[in-house]
Amino acid sequence: MTKLDLSLGEEEMHRYLDRQRTIRLATSSPEGDPQVVPLWFVWLDGTIFLNSTLGNVTVENIEASNRAAGIVDDGELYEELRGVLLRGRVERAEDDPRIERVKASWSQKYMGGGPVPYDRWRDRAWFRLIPEDIVSWDFRKIPEAKERARSEGG
């Protein structure tokens, strides 16, 4: 039987990550306790950029171990589920040469192009999740994938 390919193609994945607004970032404490938080993000050049408040649990976990996973997904019914899971390392991004593009994209995505209230954000820092492994799925492709498998003799 032919395996159904339900993954997002590269261009599909880029468009999907560009449009989605929230990533759930999973980190773990030095003791191994998991922490998952929803964060706004920007996808740029194969990297997830996000920001968080210095001193919070997520940042403390990142400082203890830079390993993390993030998931961006949507869909209500089973056959509507789709998403992207990114695993890799997280590091500070203030010195990233793309940070001004990130900020402009952030402004467009979340503030309609208006100014981001950085002056009201206290102790915020930019981070980047550099994916080492990416897995995607789009269950909306199930009928299409089944039909393709049938036509291939699967």
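Rule-based calculations on the coordinates, nothing more; no lab input. It should be emphasised that the depicted structure is a prediction, and the values quoted were computed from it without experimental measurement. Ideal geometry is used to build each Cβ from the backbone, glycine not excepted, and the neighbour counts take in all protein chains shown.
Annotations for the structure displayed:
- Share of pairwise Cα separations in the stretch 1-85, more than 14 Å, in percent: 68
- Separation in nanometres of the label points that stand 7 Å from Cα toward Cβ, at Val116 and Leu6: 3.4
- Counting only lysines at least 8 places from Lys141 when in the same chain, those with an alpha carbon closer than 16 Å to its own are Lys3.
- If only the Cβ of Lys and Arg carry +1 and only the Cβ of Asp and Glu carry -1, the dipole of the chain around its Cα centre is close to 260 debye.
- As a rough footprinting exposure proxy, the listed residues Val57, Val102, Val90 were ranked by other beta carbons within 10 Å of their own, and the order from fewest upward is Val57, Val102, Val90.
- Of [x] 28; [y] 22; [z] 56, the label for percent of Cα pairs over 28 Å apart derived from the coordinates: [x]
- The chain: relative contact order as a whole-number percent, Cα under 8 Å and 6+ apart: 30
- Inter-label distance for Arg124 and Arg87, nm, one decimal - labels placed 7 Å from Cα along Cα-to-Cβ: 3.1
- The slack in the chain from Asp74 to Asn56, taken as 0.36 nm per residue of separation less the alpha-carbon distance, amounts to 3.8 nm.
- Sorted by Cβ neighbour density within 10 Å, fewest at the top, the residues Ser136, Ser107: Ser107, Ser136
- Anchor Lys103: aspartates and glutamates whose Cα lies under 12 Å away (excluding residues fewer than 8 positions away in-chain): Glu94
- Exposure proxy ranking, count of Cβ atoms within 10 Å, fewest first, for Lys3, Lys109: Lys3, Lys109
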